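Remarks on the structure that follows.
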Amino acid sequence: MNAKRIVIVSGGPWTDDYLRELRPDDMLIGADRGALQLIENGLRPDVAVGDFDSVSPADVERIRSASGRIDSCDPIDKNYTDTELAFELALNERPSEILMLGVTGGRMDHTLANVQLLIRALRHQIVCSIRDHNNYIQLTGSQLTVHNQGFTYVSLIPATMEVGGVTLEGFEYPLKNATLRQGQSLSVSNKLAAPEGIVSIESGLLLVIQSRD
């Protein structure tokens, strides 16, 4: 594993918040229309990947000429979404962190599939998060420090049927050794009571979502 961060940009709604998130030394992977969005905002994808069925032939040529590398695939004969293809490329680089942008909004099936990619990153011991204008999504299987990212709420959503030993420190509504189960809303819309809070769990996987309306 190396110290670099990889940012994946997919074709979901673009927000200028993303420009403030990027660092000069990030490796940028554009998934399908995400590559075009990077280029339109003055950025050069290190890799553009996908079937490019959501952009015009002229845009494909623009992506090809403005990217460091292009990995194209057949739009029918493929087993993965463009975002997962980009994610596979990122995993192969063994980065210390992956940030995914433009992977929410629009189709719910794609959004849920992209959120589940956080599980694979955790298994590879890679820090991974998803950000859009209204949400910042992380996953933990042990302990997570939640820094104030300027969002209003912090919600805990079980990614497994049950999450045990949930303890919260630094939140308005603390928990001590609680059990959270899928299908319950006990841990939705909490708030930080300090600049940062600590979420600890003893079993299961837990999504930690900072959000605003």
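Every read-out reported here was derived from the displayed coordinates using simple, explicitly stated rules and does not represent laboratory data. Please read these numbers as outputs of a predicted model, since none were measured by experiment. Cβ: placed from backbone, ideal geometry, glycine included. Neighbour counts: every protein chain shown.
Per-residue 3J(HN,Hα) values for segment 18-31, derived from phi via the Karplus relation 6.51 cos²θ - 1.76 cosθ + 1.60 with θ = phi - 60°, read 4, 4, 6, 7, 7, 10, x, 9, 5, 8, 9, 10, x, 9 Hz in sequence order (x marks Gly and Pro).
Taking the Cα centre of the chain as origin and assigning +1 to Lys and Arg Cβ atoms and -1 to Asp and Glu Cβ atoms, the resulting dipole is close to 460 debye.
Here the chain yields Rg over Rh of 1.00, to two decimals, using C-alpha coordinates and the Kirkwood radius.
Net charge around Pro195, counting only other residues with Cβ within less than 15 Å of its Cβ (Lys, Arg = +1; Asp, Glu = -1)?
Result for the neighbourhood of Pro195: -2.
Label reach from Asn92 (point 7 Å along Cα→C-beta): in segment 1-17, amide nitrogens under 17 Å belong to 1-2, 6-9. Taking Lys and Arg as +1 and Asp and Glu as -1, the other residues whose beta-carbon sits under 15 Å from that of Ile137 total -1.
Calculate how steeply helix 57-66 sits against the longest principal axis of the alpha-carbon atoms of the chain, using the helix alpha-carbon long axis, and give the answer as 0 to 90 degrees to the nearest 10. With both axes taken from Cα atoms, the answer is about 80 degrees. When Lys and Arg each count +1 and Asp and Glu each count -1, what net charge do the other residues less than 13 Å away from Gly204, Cβ to Cβ, add up to? Once positives and negatives cancel, what remains is -1.
Derived from the Cα gyration tensor, the three semi-axes of the equivalent ellipsoid of segment 140-211 are 18, 12, 10 Å, largest first. The amide H of Ser96, built 1.01 Å from its N in the peptide plane, has Asn2, Lys4 as neighbours under 5 Å, considering only residues 5 or more places off or on other chains.
Sequence-ordered 3J(HN,Hα) estimates for segment 162-176 from the Karplus curve with 6.51, -1.76 and 1.60 and θ = phi - 60° stand at 9, 10, x, x, 7, 10, 10, 10, x, 10, 5, 10, x, 10, 9 Hz, glycine and proline given as x.
Loop-located GluC sites (Glu not before Pro) in segment 123-184 (DSSP state other than H, G, I, E, B) with a sparse environment of at most 14 neighbouring Cβ atoms within 10 Å: Glu172. Contact order for the chain, expressed relative to its length and based on alpha carbon pairs under 8 Å spaced 6+ residues apart, stands at 18 percent.
Counting other Cβ atoms within 10 Å as a rough exposure proxy, the listed residues Val7, Val115 run Val115, Val7 from fewest neighbours to most. Potential lengthening of the chain between Phe151 and Arg107 amounts to 13.5 nm, from the contour at 0.36 nm per residue minus the alpha-carbon distance.
Give me the compactness ratio for segment 12-93, meaning the Cα radius of gyration over 2.2 N^0.38 Å.
My calculation over the Cα atoms of segment 12-93 gives 1.04.
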